[in-house]
Amino acid sequence: MTMNIKHIITLIIAMVLSAGNIISQVSYVDTPVFKVGEKATYGVYFNLGFISMKAGKVNFEVGEAVVRGEDCYKLTVDGYTQGMFERFYVVRDTFTSYISKKTLLPVYYHDGKHEDSYWSYSTYLYTDNGKNDSLHVNFEYIKRKGTSRTEFNISKKACDLVATCYKIRNLDVASMSRGDVAAFSLLFEDIVYELGLKFTGKENVKLKDGSKYRTSVFVPTLIKGDLFKNDEDLKVYVADDDNHYPVYVEASLKMGKAVASLESITGTKYELSGKKKK
């Protein structure tokens, strides 16, 4: 089993992640559910057989910046391992996406991954090519073996990993019925993956710190591979309030279970009404 920060963020991604009715025209809320100044931290845990340990943390932060003359949200995600887990695997990863405040379309993205002896850096430069339905992407990928550069076009419905996280938070959950699947497109390296997000209903969930939340539950339709057994092996619990932030993620692995549990969130746009009072 290989577990790195890309998998950890995938656990959280759908944030909001095949049965059901595929929704071709997904309904989104009119304005972003996040704002500049929002910060969230998640603890990541692994249960491998009889062994349970905290593996690290993932931090999300919403800032702002001007990129190529465009006022943008600066969306930063950094993840790192800690404690006993670092005897087995060390991660120091940072992902940053800049999206237009006006259109929420991606403008620029860069990441730096340091995972044990592996390291890489990559960037996307998005350009509106004048076509209504597509963006031009300049992709640069730097790693130990060398640098590669390529150009391609993508649909305006597609975006990078971090931008996808925040885009999906804007889904109009109230308009979805149990079993509905919202389709979305994820750009990963130089490939666009068509994924889905199935709404399975409402549940109360207890976090690692003992707090309880009312949540909407989603199951992603993921790319087949050797990490998850099937599409139902990952559940994302999203706070049942207007902020639509994930509070708990649970994934079944071949050798155990991975959990991401909200530790703190501040600077939200709306009241944190999804948290249950004691």
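Please determine, by comparing only the residues of region 252-264 that are over 17 Å from Ile168 (Cβ atoms) and buried (at least 18 other Cβ atoms within 10 Å of the Cβ), which one is modelled with the highest pLDDT. Even if it seems obvious, please write down each step before you answer.
Of the residues in region 252-264, the ones over 17 Å from Ile168 (Cβ atoms) are 252-259, 261, 263-264.
Those still in the list that are buried (at least 18 other Cβ atoms within 10 Å of the Cβ) too: 253, 258-259, 261.
Working: Leu253: 77, Ala258: 87, Val259: 91, Ser261: 95.
My answer is Ser261.
When region 80-109 is examined, which residues are found to be in a loop (DSSP other than H, G, I, E, B) and farther than 30 Å from Ile51 by Cα? Steps first, answer last, please.
We begin by selecting, within region 80-109, every residue in a loop (DSSP other than H, G, I, E, B); these are 82, 88-90, 101-105.
Result: Lys101, Lys102, Thr103, Leu104, Leu105.
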- Unmet criterion (only one of (1) more than 22 Å from Ser261 (Cα to Cα); (2) assigned to a strand (DSSP E or B); (3) aliphatic (A, V, I, L, M)) for Val77: (1)
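What residue, of Thr164, Thr200, is within 20 Å of the chain's Cα centre (by Cα) and within 28 Å of Lys277 (Cα to Cα)?
On the way: Thr164 fails: within 28 Å of Lys277 (Cα to Cα).
Of Thr164, Thr200, the one residue that is within 20 Å of the chain's Cα centre (by Cα) and within 28 Å of Lys277 (Cα to Cα) is Thr200.
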- When the residues of region 141-181 are filtered to those that are of a type outside the set (A, V, I, L, M, F, W, C), out of contact with any strand residue (DSSP E or B) (no Cβ under 6 Å at 6 or more places or on another chain) and within 14 Å of Ser97 (Cβ to Cβ), which remaining residue is surrounded by the most Cβ atoms within 10 Å (Cβ to Cβ)? Lys167
- Residue match in region 52-66 (condition: out of contact with any helix residue (DSSP H, G or I) (no Cβ under 7 Å at 6 or more places or on another chain), modelled with pLDDT under 85, over 23 Å from Tyr126 (Cβ atoms) and of a type outside the set (Gly, Ala, Ser)): no
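Residues of region 142-185 being in a strand (DSSP E or B) and among the charged types (D, E, K, R), which ones? Steps first, answer last, please.
Initial filter on region 142-185 (in a strand (DSSP E or B)): 142-143, 146-155, 158-159, 171, 181-185.
The answer is Lys143, Arg149, Glu151.
Under the condition of being assigned to a strand (DSSP E or B) and small (Gly, Ala, Ser), which residue from region 110-135 is surrounded by the most Cβ atoms within 10 Å (Cβ to Cβ)?
Within region 110-135, the first condition is being assigned to a strand (DSSP E or B), and the residues that meet it are 110-115, 118-128, 134-135.
Filter once more, so that each one left must be small (Gly, Ala, Ser): 112, 120, 122, 134.
Working: Gly112: 15, Ser120: 16, Ser122: 19, Ser134: 16.
Among those that are assigned to a strand (DSSP E or B) and small (Gly, Ala, Ser), it is Ser122.
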- Please indicate, with yes or no, whether at least one residue in region 29-41 is in contact with a strand residue (DSSP E or B) (Cβ under 9 Å, 6 or more places away or on another chain) and under 19 Å from Lys113 (Cβ atoms). no
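Counting just the residues of region 210-246 that are over 23 Å from Ala174 (Cα atoms), at pLDDT below 80 and not acidic (Asp, Glu), which one comes out surrounded by the fewest Cβ atoms within 10 Å (Cβ to Cβ)?
We begin by selecting, within region 210-246, every residue over 23 Å from Ala174 (Cα atoms); these are 210-211, 222-231, 233.
From the residues that got through so far, the ones that are at pLDDT below 80 too are 222-231, 233.
Subsequent filtering for residues that are not acidic (Asp, Glu) retains 222-225, 227-230.
Working: Leu222: 21, Ile223: 14, Lys224: 9, Gly225: 7, Leu227: 18, Phe228: 20, Lys229: 10, Asn230: 9.
By that ranking, first place goes to Gly225.
The values are calculated or read from the model by the stated rules, or taken from the named source; none is laboratory data. Since we're looking at a predicted model, the values are computed, not measured. In this analysis, Cβ positions are derived from the backbone assuming ideal geometry, glycine residues included, and neighbour counts consider all displayed protein chains.
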